[in-house]
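S.K.: Dumping the structure here so I can ask a few things about it.
The values are calculated or read from the model by the stated rules, or taken from the named source; none is laboratory data. As the structure is a computational prediction, the values presented were derived from the model and not from experiment. Because the Cβ atoms are built from the backbone with ideal geometry, glycine has one as well, and the counts that use them run over all protein chains shown. Remember, those area values only see protein heavy atoms, side chains included, never the ligands or the DNA or RNA. Shrake-Rupley method; radii C 1.70, N 1.55, O 1.52, S 1.80 Å.
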Amino acid sequence: MMAKADSEQKLYTRMRLWEFPDQYIVEPTNGSSGSCLAISREDGSMKLIDELQQSNSVQVPKIRTIFGVIGMLKLLAGSYLLVITERECVGSYLGHPIFKVSSLKVLPCDHSLKNSTAEQKKMEGEFSGLINVAERASGLFFSYDTNLTLSAQRLHDLGDESKLLPLWRQADPRFLWNNYMLEVLIDNKLDPYLLPVIQGSFQYFQAAIGKDIIDVTLIARRCTRRTGTRMWRRGADSDGYVANFVESEQIVQLNGYTASFVQVRGSIPLLWEQIVDLTYKPKFEIVKLDEAPRVAERHFLDLRKKYGSVLAVDLVNQHGSEGRLSEKFASAMQHIVNDDVRYLHFDFHRICGHVHFERLSILYDQIVDFLTKNRYLLLNEKGEKVEEQLGVVRTNCIDCLDRTNVTQSMIGRNMLECQLRRLGVFGGDETISSHPNFDENFKIMWANHGDDISIQYSGTPALKGDFVRCGQRTVQGILKDGWNALMRYYLNNFHDGTKQDAIDLLQGHYIVSVNRDMTPPSQKGGLEAIASIRLALSLVFTGFFFATMSLRQVGTDVRHLLFAVMWAALSLVIATFVRANGRIFCNRPRLHQPRR
């Protein structure tokens, strides 16, 4: 009976997509005798058919191989099918192959647009342009055989009946990236086509220590509840869901044993934001301060239900605007802290500076009792639970990217050493650093993990990555951080607003409806119509470049000093003008109505 149920729920791993003038047909080709899926190009309606139908058209259909159906989105007049056109096997999770989405394709089912008004066609074009951003989405992973949205401990604790359910029904909706896009397929009862996808990171390496072959895996699962880009999604919403919430699971397997350790990161759980205005660090604005205790309480109540005890490690500065935000966080936590919820502030920059990250050992000494008490998951050769993780460390800085990743990698390193001692691989004083090859692989794994999360939230790799990757700060790493910080500034101001719109559309946080006010954004006029912020910034950088070049030649001709002053003055005038008009030029999101 179990084998039969399992067979019926098996996902299709390879399909042939036929593109006819009036419909798309998805044909399973992985040896399955399942029905084909026909999707109308008129309105996106779906039905199962027993065999491929002959087309009356003289046009030869386009045929391509696909590896999964992501889902479908409906807009004003058309629907849009998202499929996986290329995949890459990146490793295994508890014995099951894991694939990364290498290429996505958005297929329009919008022939009904021909009956729409000019205004609707215009708006449909704008929204469909946002959907096409999905083709550039990074860090998407899936498995045909196991549920990537669940940690090893939650998978182990699933009941027998739950294990017989289709993967999408087992999934944790927090980490199901295509949760909203699957709804149409779910309504049509298309279980073999319902492929759960997560966004995050998947890193894996294998190493030998003595006679032992050790497999180490690191998975990041990004939460979809308050997902978005760095400056456009900050803090928490009224339900306590926070921006950039990520569950990171580190797994080690050897000699039939499996050990898993979970950490989480997430924005400070208050209602706060940073309004993009072309300043390098926009002001932190706390919204509805009187609701701070309630929002924080809801956040930690949810963490308690899902992870057990919680230790909140706050890494932000104690001074300046960060300090004020941290002070409000600490104040809200006074009403929440109890035997199961702890709060610890650790001023990362004051204690570690920009180079002395080894001083994180001070933090580890403060949290080691919590880690020892709450343990980790350990399964023996028979798959039986020997230990279970009873609590989680929740780490945050401002972005939950750079300081957070350095700190989490330190905690992950110490926990892995504890696990390897428990399994008899390490002696009492032996560490990962004692094994150069293992140590290098571990550092690279966590550095790549941090880069993946950072790229998805900020658009650039993580800062301070040279320490995670090499174990020390380097001049090259500091210069690279400067460049990445500049790129973040550019992306936050001139790119991420549109990207945020696309994310909100894909995740169902904004639903297009013909009943809504579909008046397009007001036309820009006057100065705003002719001014180009990119041109202005190009002039600023060009001016400073020529000023620098002129200064270098002052020794040969004093007139170059005059040229340097002139270029610098011109750059400052343009920069001042740009700063004064920052809120006019910023790339603002256009979607303001949340999903009801």
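S.K.: Quick one: count up the residues across the stretch 242-273 that are closer than 21 Å to Ala330 by Cβ, over 14 Å from the mean Cα position of the chain (by Cα) and open to solvent by 10 Å² or more (accessible area, probe 1.4 Å).
M.R.: Result for the stretch 242-273: 2.
S.K.: What are the residues in the stretch 489-508 that are over 16 Å from Glu126 (Cα atoms), open to solvent by 10 Å² or more (accessible area, probe 1.4 Å) and within 17 Å of the chain's Cα centre (by Cα), if any?
M.R.: Correct list: Leu491, Gln507.
S.K.: Do we have Arg169 as free of Cβ contacts under 8 Å to residues at least 40 places away in the same chain, over 30 Å from Cys109 (Cβ atoms) and assigned to a helix (DSSP H, G or I) here?
M.R.: Values: free of Cβ contacts under 8 Å to residues at least 40 places away in the same chain: yes; over 30 Å from Cys109 (Cβ atoms): no; assigned to a helix (DSSP H, G or I): yes.
Considered against the rule, which asks whether it is free of Cβ contacts under 8 Å to residues at least 40 places away in the same chain, over 30 Å from Cys109 (Cβ atoms) and assigned to a helix (DSSP H, G or I), Arg169 comes out as no.
S.K.: Quick one: Leu107 ticks every box in (1) of a type outside the set (Lys, Arg); (2) farther than 17 Å from Met15 by Cβ; (3) over 22 Å from the mean Cα position of the chain (by Cα) bar one, so which box is it?
M.R.: (2)
S.K.: Considering only the stretch 191-290, give the strands (runs of 3 or more DSSP E) lying wholly within it that have at least 2 residues that are under 26 Å from Ser309 (Cβ atoms). Break it down into steps so the answer makes sense when it comes.
M.R.: Details: elements: 197-209, 212-222, 246-254, 257-265, 272-274, 284-286.
It comes to 197-209, 212-222, 246-254, 257-265.
S.K.: Those residues that are within 23 Å of the chain's Cα centre (by Cα) and surrounded by fewer than 19 Cβ atoms within 10 Å (Cβ to Cβ), I need them from the stretch 306-343; list them, please.
M.R.: Lys306
S.K.: While we're here: Could you say which residue among Arg230, Arg174 is at pLDDT below 95, under 30 Å from Arg413 (Cβ atoms), in contact with a Ser or Thr (Cβ under 8 Å, 6 or more places away or on another chain) and open to solvent by less than 50 Å² (accessible area, probe 1.4 Å)? Let's see the steps before the verdict.
M.R.: Numbers: Arg174 fails: at pLDDT below 95.
So the residue among Arg230, Arg174 that is at pLDDT below 95, under 30 Å from Arg413 (Cβ atoms), in contact with a Ser or Thr (Cβ under 8 Å, 6 or more places away or on another chain) and open to solvent by less than 50 Å² (accessible area, probe 1.4 Å) is Arg230.
S.K.: Spot the failing condition for Asp429; the list is (1) closer than 27 Å to Ser267 by Cβ; (2) modelled with pLDDT under 95, and only one is missed.
M.R.: The one condition Asp429 does not meet is (1).
S.K.: Cβ contacts < 7 Å: first residue within 18 Å of Val341 (Cβ to Cβ), restricted to the stretch 369-395; second residue among the hydroxyl-bearing types (Ser, Thr, Tyr), any location; separation 6+ or different chain. Result?
M.R.: Asn374/Ser309; Gln389/Tyr376; Leu390/Ser309; Gly391/Tyr307; Gly391/Ser309; Val392/Tyr307; Thr395/Thr404; Thr395/Thr407
S.K.: Report whether or not Tyr241 is farther than 20 Å from Ile367 by Cβ and modelled with pLDDT under 95. Give the steps one after another, and end with the answer.
M.R.: Values: farther than 20 Å from Ile367 by Cβ: yes; modelled with pLDDT under 95: no.
It is false that Tyr241 is farther than 20 Å from Ile367 by Cβ and modelled with pLDDT under 95.
Listed here are the residues, each with its yes/no results for (1) in contact (Cβ under 8 Å) with a residue 24 or more places away in the chain; (2) closer than 22 Å to Arg469 by Cα; (3) of a type outside the set (Asp, Glu); (4) in contact with a Leu (Cβ under 7 Å, 6 or more places away or on another chain).
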position	(1), (2), (3), (4)
Ile398	yes, yes, yes, no
Arg403	yes, yes, yes, yes
Thr407	yes, yes, yes, yes
Arg413	yes, yes, yes, no
Glu417	no, yes, no, no
Gly424	no, no, yes, no
Glu430	no, yes, no, no
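Matching residues to (1) touching a strand residue (DSSP E or B) at 6+ places or on another chain (Cβ under 7 Å); (2) closer than 22 Å to Arg226 by Cβ; (3) among the acidic types (Asp, Glu):
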{"residue": "Glu285", "(1), (2), (3)": "yes, yes, yes"}
{"residue": "Ala296", "(1), (2), (3)": "no, yes, no"}
{"residue": "Arg304", "(1), (2), (3)": "yes, yes, no"}
{"residue": "Asn317", "(1), (2), (3)": "no, no, no"}
{"residue": "Ser321", "(1), (2), (3)": "yes, yes, no"}
{"residue": "Glu327", "(1), (2), (3)": "no, no, yes"}
{"residue": "Ile336", "(1), (2), (3)": "no, yes, no"}
{"residue": "Arg350", "(1), (2), (3)": "no, no, no"}
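S.K.: Something else about it: Just a yes or no: is a residue in the stretch 289-301 aliphatic (A, V, I, L, M), closer than 21 Å to Asn405 by Cβ and modelled with pLDDT of 95 or more? Full working, then the answer.
M.R.: Narrowing the stretch 289-301 to residues aliphatic (A, V, I, L, M): 289, 292, 295-296, 301.
Cutting the leftovers down to closer than 21 Å to Asn405 by Cβ gives us none.
No: the stretch 289-301 contains no residue that is aliphatic (A, V, I, L, M), closer than 21 Å to Asn405 by Cβ and modelled with pLDDT of 95 or more.
S.K.: Further question on the same structure: Considering His349, His356, which residue is surrounded by fewer than 14 Cβ atoms within 10 Å (Cβ to Cβ) and modelled with pLDDT under 95?
M.R.: Numbers: His349 fails: surrounded by fewer than 14 Cβ atoms within 10 Å (Cβ to Cβ).
That would be His356, the only listed residue that is surrounded by fewer than 14 Cβ atoms within 10 Å (Cβ to Cβ) and modelled with pLDDT under 95.
S.K.: Is it the case, given these coordinates, that His435 is open to solvent by 30 Å² or more (accessible area, probe 1.4 Å) and in contact (Cβ under 8 Å) with a residue 40 or more places away in the chain?
M.R.: Values: open to solvent by 30 Å² or more (accessible area, probe 1.4 Å): yes; in contact (Cβ under 8 Å) with a residue 40 or more places away in the chain: yes.
Spelling it out, His435 is indeed open to solvent by 30 Å² or more (accessible area, probe 1.4 Å) and in contact (Cβ under 8 Å) with a residue 40 or more places away in the chain.
S.K.: Does Ala38 fit the bill of being among the small types (Gly, Ala, Ser) and open to solvent by less than 10 Å² (accessible area, probe 1.4 Å)?
M.R.: Working: among the small types (Gly, Ala, Ser): yes; open to solvent by less than 10 Å² (accessible area, probe 1.4 Å): yes.
Yes.
S.K.: Would you list the strands (runs of 3 or more DSSP E) that sit entirely within the stretch 56-127 and hold 2 or more residues that are in contact (Cβ under 8 Å) with a residue 12 or more places away in the chain and open to solvent by less than 10 Å² (accessible area, probe 1.4 Å)?
M.R.: The strands (runs of 3 or more DSSP E) meeting that bar are 68-74, 79-93, 96-109.
S.K.: OK, next. When the stretch 128-157 is examined, which residues are found to be open to solvent by 40 Å² or more (accessible area, probe 1.4 Å) and either of a type outside the set (Lys, Arg) or modelled with pLDDT of 95 or more (or both)? Can you show your working first?
M.R.: Going through the stretch 128-157, the residues open to solvent by 40 Å² or more (accessible area, probe 1.4 Å) turn out to be 132, 135-136, 138, 145, 154, 156-157.
Asn132, Glu135, Ser138, Asp145, Arg154, His156, Asp157, listed by residue number.
S.K.: Can you list the strands (runs of 3 or more DSSP E) found entirely within the stretch 295-395 that contain at least 1 residues being in contact with an Asp or Glu (Cβ under 7 Å, 6 or more places away or on another chain)? Explain how you work it out, then say what you get.
M.R.: On the way: elements: 309-314, 341-345, 377-379, 385-387.
Where strands (runs of 3 or more DSSP E) fall fully within the stretch 295-395 and carry at least 1 residues being in contact with an Asp or Glu (Cβ under 7 Å, 6 or more places away or on another chain), they are 309-314, 341-345, 377-379.
S.K.: So is Val276 open to solvent by 10 Å² or more (accessible area, probe 1.4 Å), aliphatic (A, V, I, L, M) and touching a Phe, Trp or Tyr at 6+ places or on another chain (Cβ under 9 Å) or not? Show your work before the answer.
M.R.: Numbers: open to solvent by 10 Å² or more (accessible area, probe 1.4 Å): yes; aliphatic (A, V, I, L, M): yes; touching a Phe, Trp or Tyr at 6+ places or on another chain (Cβ under 9 Å): yes.
Here the answer is yes, as Val276 does meet what is asked.
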